[in-house]
Number of protein chains: 2
Amino acid sequence: MTTTTIATDQDLATLINVFTVTRMTQQPLVDLLTEATEQVMRHHPGFISANIHTSLDGTRVVNYAQWRSREDFQAMLDDPTAREHMSAAGSLATAEPHLYEVTSIHHA
Amino acid sequence: MTTTTIATDQDLATLINVFTVTRMTQQPLVDLLTEATEQVMRHHPGFISANIHTSLDGTRVVNYAQWRSREDFQAMLDDPTAREHMSAAGSLATAEPHLYEVTSIHHA
């Protein structure tokens, strides 16, 4: 499956993690997040999807991720292997993770 | 239509706008963004979708929006009515808008 759906009626927790990078660290961070997601995160209970975004101006990377619940996400944070990957990401970029709910959706 | 799709093969520009708020200003900003989107943004050429997210900790609002192209988004920025709404949002919150491309998607 290669698409993710945003909707207000899905019972899940959305993590939006904004990484501040430079043009030098943007691609290395994307590589690290991709590897961490494939090898660690996606095997965790409750993981639904991760969607890696790169800003056109080279200053940000955003991971828009979906978890079954806040509790599943928090359980992942306690896994030593996941923490190791997050610490590696932290050496390349400043991370600003927050959990969200989808409040409203508007289409043209 | 009440869902938005994230995919790597869509030819569009993704705007992720992160607003820093307080518990006092989070809901007023959501109301303002909702009104601005319905009344102004969604009628602009190239607007595809806006997806308003509120952080569970009360400190952020994120608009995950899709535009047909970077040029359509930039044309909207030159519209005086749109600028008025953005200025009103700016009085409630600090905005950090960036344009993105979807680099990779990972599912469980």
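Throughout, read-outs are computed from the coordinates displayed, never taken from laboratory work. Given the structure is predicted, the values throughout are model-derived calculations rather than measurements. When we count neighbours, we look across all protein chains shown, and the Cβ atoms used for this are built from the backbone with ideal geometry, even at glycine.
For the range B:40-57: of the residues being more than 7 Å from chain A (Cβ to nearest Cβ) and either in a loop (DSSP other than H, G, I, E, B) or without any contact (Cβ under 8 Å) to a residue 24 or more places away in the chain (or both), which is nearest to residue B:68 (Cα to Cα)? Looking at the filtered set, the residue picked out is B:46. Among the residues of the range B:22-39, those that are surrounded by fewer than 19 Cβ atoms within 10 Å (Cβ to Cβ) and within 8 Å of chain A (Cβ to nearest Cβ) comprise B:34, B:38.
Residue-level check: of (1) of a type in the set (Phe, Trp, Tyr); (2) assigned to a strand (DSSP E or B); (3) within 11 Å of chain A (Cβ to nearest Cβ), residue B:19 misses just (3).
Is at least one residue of the range B:70-88 within 25 Å of residue A:9 (Cα to Cα) and of a type outside the set (Lys, Arg)? No, every residue in the range B:70-88 fails to be within 25 Å of residue A:9 (Cα to Cα) and of a type outside the set (Lys, Arg). Annotation: residue A:95 fulfils all but one of (1) outside any loop (DSSP other than H, G, I, E, B); (2) over 13 Å from the mean Cα position of the chain (by Cα); (3) of a type in the set (Gly, Ala, Ser); the unmet one is (2). Among the residues that make up the range B:70-90, is at least one of them part of a strand (DSSP E or B), more than 8 Å from chain A (Cβ to nearest Cβ) and either closer than 15 Å to residue A:103 by Cα or in contact with a strand residue (DSSP E or B) (Cβ under 6 Å, 6 or more places away or on another chain) (or both)? Scanning the range B:70-90, I find no residue that is part of a strand (DSSP E or B), more than 8 Å from chain A (Cβ to nearest Cβ) and either closer than 15 Å to residue A:103 by Cα or in contact with a strand residue (DSSP E or B) (Cβ under 6 Å, 6 or more places away or on another chain) (or both), so the answer is no.
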